[in-house]
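The structure appears right after this line, and notes come after that.
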């Protein structure tokens, strides 16, 4: 189901959206709808990528020796 909404935006943004709608022979509503779909998908991707740290926390449990070996590798503390 579609809902009618109202919004306020910069004139230049609205102008660019109208130009794109004319170029693509689509309605202004469809251009806004596509833009919102792309924006929301981008937000979902950001959330998924940030969540990887939390989801994988504790998966790799090095021993004290392994940890020390990694920390002593060249370049870890080079300034």
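The values are calculated or read from the model by the stated rules, or taken from the named source; none is laboratory data. Here the structure is a predicted model, which means the values were calculated and not measured. Using ideal geometry, Cβ is built from the backbone for each residue, glycine included, and neighbour counts are taken over all protein chains shown.
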In this structure, is residue 62 surrounded by 10 or more Cβ atoms within 10 Å (Cβ to Cβ) and assigned to a loop (DSSP other than H, G, I, E, B)? yes
Taking the options 26, 37, 73, name whichever one is modelled with pLDDT of 95 or more and part of a loop (DSSP other than H, G, I, E, B). 26
Flag for residue 52 being without any contact (Cβ under 8 Å) to a residue 12 or more places away in the chain, in a helix (DSSP H, G or I) and loosely packed, with under 10 Cβ neighbours inside 10 Å: yes
